[in-house]
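The values are calculated or read from the model by the stated rules, or taken from the named source; none is laboratory data. Given the structure is predicted, the values throughout are model-derived calculations rather than measurements. Backbone-built Cβ (ideal geometry, glycine too); neighbour counts: all protein chains shown.
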Amino acid sequence: MHTRSRKPKKNDQEYNAFNLRRYRKNNPEKQKAIRRKNDKLYKERHKDKVRAGIILRRATAKGTIIRQPCRVCGNVNSHGHHKDYSKPLNVDWLCDKHHKEEHRNNIEKH
Ligand SMILES: [Zn+2]
Ligand SMILES: [Zn+2]
């Protein structure tokens, strides 16, 4: 009869595999937590901007506000540009290109 020298090794592997699984399982959680924290920080720092964005999105979903094509070139792929976050529904509809141009003239707002 041979001594089963392999068995403890196999157990080690199983144990290591278990640890690895646990590590992999814990890690995305940690990263998720970091992301959540960053997201929270972002929202706190840009409270008005985030709030205005949410209100505008809700209004467009409800149909209170109808998405307009870019006011400069008529591109339908436009997004609402806030001139004033305290007036979330008061936006300029601009395509990506003209939105960026607008921001060059007015760096502060989005
Ligand atoms: Zn445009
Ligand atoms: Zn903007």
Checklist entry - Does any residue of the range 69-92 turn out to be more than 19 Å from HIS103 (Cα to Cα), within 15 Å of ligand 2 (Cβ to nearest atom) and surrounded by fewer than 16 Cβ atoms within 10 Å (Cβ to Cβ)? => result no
Checklist outcome for this item: ALA59 fails exactly one of (1) loosely packed, with under 13 Cβ neighbours inside 10 Å; (2) at pLDDT 95 or above, namely (1)
Item to check | Pair list, Cβ under 9 Å, 6 or more apart: the range 92-107 residue part of a loop (DSSP other than H, G, I, E, B), other residue more than 8 Å from ligand 2 (Cβ to nearest atom) | outcome: ASN106/LYS83
Checklist entry - Scanning for something part of a loop (DSSP other than H, G, I, E, B) and in contact with a Leu (Cβ under 7 Å, 6 or more places away or on another chain), does the range 46-69 turn up at least one residue? => result yes
Checklist entry - Being surrounded by 14 or more Cβ atoms within 10 Å (Cβ to Cβ), under 20 Å from the mean Cα position of the chain (by Cα) and either part of a loop (DSSP other than H, G, I, E, B) or aliphatic (A, V, I, L, M) (or both), is that true of even one residue in the range 27-44? => result no
